[in-house]
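Encoded as structure tokens, the structure appears first; notes follow it.
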Amino acid sequence: MMHDFKTLLVTHEGPVLRVRLNSPETGNAVSGLILDELLTVLGALDDETGIRVLVLSGEGDDFCLGGDRSEFPELLAQDSGGLALRALGNKARRVCDALATTDVVTIARLHGGVVGAGVGLAIFCDLRAGADTCRFRLPELGLGVPPAWGGIMPRLLNEVGAARVRELILTASTFDAATARELSILHTVVPEDELDAAVARWTRPLVRRSPTALRTAKVMMNAYGNANRLADATLFDAELLSSALSRGQQARRG
């Protein structure tokens, strides 16, 4: 997988592909370019038949401090109707869908701040390991927008449960790694210097699994997890986000 990425560091170690968000100066805020490059990596996985595991991590002090809000005014200036914002939202949804449905096992390696879109990228990974110093937050309501990024709501409801998700979203409060473990946002919590070892404890047996068995297991888990959803309401996420930001911009101008 040879590409000259601007926002990602990608290394191929036999059956393990390591993808590191590489915009530490912004806290690895998720920009349109990061989404494009993640789509390139995830879209190529089907052709990389030797890969069993993808490990997603972040460069610098934080895994990801959320979406790149500095892009929003420029996108609204290009199109006040919000079409460009909707395109960005749909791109985020495609990345999250790809993380969840790719044939390989996806592992999130988390440290520092894990905020907003960072929680979204992490929660769509199959397994999630976090440093004991991690700080999590879903700040959208405090920023005046709905929690409509990447289809995060149903994934959180399935992984965490409705009552606790309601609390996290309505309060927009920060919570620690121990709470994230209790909520099943994290599967394991370790000191930061033991994160790589924790990830290795998963990757070592996974790379020996039959690729057909792994693929079938993921298809089954995704199918059973979505069995009670009569319609995919996340298709409206990009529309909701775009509308909220457009109205906010108009209100500030008024």
List the helices (runs of 4 or more DSSP H) that sit entirely inside the stretch 84-198 and contain at least 1 residues that are crowded, with 18+ Cβ neighbours inside 10 Å and in contact (Cβ under 8 Å) with a residue 40 or more places away in the chain.
117-123, 152-159, 177-182
Suppose we keep only residues that are assigned to a loop (DSSP other than H, G, I, E, B) and modelled with pLDDT of 90 or more within the stretch 52-83. Which one would you say is surrounded by the fewest Cβ atoms within 10 Å (Cβ to Cβ)?
D61
Scan the stretch 199-218 for residues that are free of Cβ contacts under 8 Å to residues at least 40 places away in the same chain and among the basic types (K, R) and report the count.
3
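Residues are listed down the side, and each one gets a yes or a no for (1) open to solvent by 60 Å² or more (accessible area, probe 1.4 Å); (2) outside any loop (DSSP other than H, G, I, E, B); (3) farther than 21 Å from R93 by Cα; (4) modelled with pLDDT under 90:
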| position | (1), (2), (3), (4) |
| --- | --- |
| W202 | no, yes, yes, no |
| P205 | no, yes, yes, no |
| M221 | yes, yes, no, yes |
| N228 | yes, no, no, yes |
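The values are calculated or read from the model by the stated rules, or taken from the named source; none is laboratory data. Please read these numbers as outputs of a predicted model, since none were measured by experiment. Neighbour counts run over all protein chains shown; Cβ positions are idealised from the backbone, glycine included. SASA here: full protein model, heavy atoms, side chains in, ligands and nucleic acids out. Shrake-Rupley method; radii C 1.70, N 1.55, O 1.52, S 1.80 Å.
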